[in-house]
Structure formats: structure tokens, C-alpha cells
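The structure appears below as C-alpha cells.
A short reminder: the numbers here are calculations on the coordinates, not readings from a lab. These figures come from a predicted structure and were not determined experimentally. Cβ coordinates were reconstructed from backbone atoms using ideal geometry, including for glycine residues, and neighbour counts include every protein chain displayed.
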Amino acid sequence: MTQALAGRTVLVTRPALQAAPLAQAIRAEGGEALVFPALEIEAVPQDALSASLAWLAEADIAIFISPNAAQFGMAAIRASGTLPDACRVFAVGPGTARALAAEGVADVVTPDGQDSEALLALPQLADVAGKRVAIVRGVGGRALLADTLAARGAQVDFIECYRRACPTADAAPLLARWQAGGVDAVTVASAETLHNLAALLGDAGRPLLLRTPLFAPHAKIAEAAHRFGVGQAIATPGGDVGLVQGLVNWFRNNP
């Protein structure tokens, strides 16, 4: 049986150290994974986290919002001590839970969905009045989680352990290949990644980006891509498995 992605080239824009699993999954379906990182992740210096890590020592709840938060957050936490024994750990999505497991964190509570709304619907977070909640995340990000928990009576603080940046990269080879018809689909895991990719491609690449099918592992990211002007932005289930599933379904129905 012909593999669904045979003859298709899929652009993988994940950070360099996180691109391999998705690239391998695309190749397993017969596709070519063209890796061009459009997002860079770097750790916040340990000394800038001292106050928030000290606050964590008294936290009742720690919420990790992404696999990056798990990786960089646990590295910072281990450098200064450990998670409090009585602290209950939550993860936004199974990918974050897996990343925490890889860091040795067990008994993680995870919602069925993969966003803040799904996490806030958990009964364990319904009554948090008087609780101290540490949200482990990158610099910036959505306010919904913190605002909602604070409205429920929690004391909320952040451990912002990593920052996102646009890589310095030469997009000329990618642009030349795209102009020759050598890119069939784009994957992005955030609106920021899409904007960085557009900036790296420049004016010559923007029309190509807007008319190439784009796949994103969340409806909000696909909606942001539509607003940006992408003609076909397809929301898939979460994670690498969901992205590849979305790609396979699309190309089976659009040969």
C-alpha cells in the first residue's frame, strides 16, 4: 500500500532540538521532512529565577504549560532544590506530562484537552481559594490561566524559565526550493513560529507561505494563521501524532 505522504515534502519549523520526532514521523509515512527551525528556545538565567523559585518552595500547586516548561523549568528547579513534596503537579496536555515524566516527575494531573481551558475545567482546580499556585512557562504567554485561578481565590506566581526568539537563519535555499514547487505543506506549533517564518522568508516568500496548506496542532493556532492570511490552515489533533494524522488525512483526500 502506498504511504500517504509519499512524494510530499513537509516543512518542519520546530526548534532545532525538538524537530527530530516530527521529522521521523513524517518520514515513516513516506514523506520528506524539510527541517527549517523558525523558533529558538533559550533558558532564562538561573539568577533571574531566584525569587520565583523561592516562592515555589511554599506552593501547593505547580502547573507546567508546555514541554519546554517541563524541560527548562525542572532544570532550574533542580539547580536550586526540588519540587515541594506536598506540591501537586499539573500539565497542560499529554506532551507536557511525558516531558515531566522524562524529568522524573510522577503523579502528574493532565486534562483530556491540550489547552488552558481544558486544565481549568478539571475538578481539582475548581476550589483553589487560599492555595499558592506556581505557573511554569516561558516569558509572556496567555493570561487566562493565571487570571482565572486568581479569580477563584488562588495566589499565583510565575516561573518564566525560557524565552522564545526568532532564529538567525539564511532562508534563501528554502525560498529557492519553495519557488520551484518543492514544499507541499507547512507545520507550525504556534502563531509566533508562523510570524517568524514569514519574517525569515521576506516579501518574496510571503505569497508562497499564504498559499501552501498549513497544519497546526490546535484550533487557535489555525485561526491565527487564517487571520494572518493563510488560505488553508488545518487544525489537527495535538502533538506529533496529531500533526502527522492531519497531514495523512489531508493528502489522502487531496491527492
Check: In region 159-198, what count of residues is obtained for those that are farther than 22 Å from L22 by Cβ and buried (at least 19 other Cβ atoms within 10 Å of the Cβ)?
Finding: 3
Note to self: Tell me whether region 4-15 contains one or more residues that are hydrophobic (A, V, I, L, M, F, W, C), assigned to a loop (DSSP other than H, G, I, E, B) and without any contact (Cβ under 8 Å) to a residue 40 or more places away in the chain.
What the structure shows: yes
Next item on the list: List every residue pair whose Cβ atoms sit under 7 Å apart, with the two residues 6 or more apart in sequence or on different chains, where the first one lies in region 235-249 and is touching a residue at least 60 places away in the same chain (Cβ under 8 Å) and the second, anywhere, is among the polar types (S, T, N, Q) and assigned to a loop (DSSP other than H, G, I, E, B).
Entry: G238/Q114; L243/T236
Next item on the list: List every residue pair whose Cβ atoms lie under 9 Å apart, where the two residues are 6 or more positions apart in sequence or sit on different chains, the first residue falls within region 104-125 and is at positive phi, and the second residue, located anywhere, is among the β-branched types (V, I, T).
Entry: D107/V89
Note to self: Among the listed residues V44, V35, identify the single one that is among the β-branched types (V, I, T) and in contact with an Asp or Glu (Cβ under 8 Å, 6 or more places away or on another chain).
What the structure shows: V44
Next item on the list: Go through region 123-156 and give me each residue that's surrounded by fewer than 16 Cβ atoms within 10 Å (Cβ to Cβ), touching a strand residue (DSSP E or B) at 6+ places or on another chain (Cβ under 7 Å) and under 16 Å from F64 (Cα atoms).
Entry: Q124, V139
Notebook entry, point to check: What number of residues in region 108-166 are within 21 Å of the chain's Cα centre (by Cα), polar (S, T, N, Q) and within 14 Å of V89 (Cα to Cα)?
Noted result: 1
Check: Of all residues in region 223-255, which are in a helix (DSSP H, G or I) and under 16 Å from the mean Cα position of the chain (by Cα)?
Finding: E223, A224, A225, G239, D240, V241, G242, L243, V244
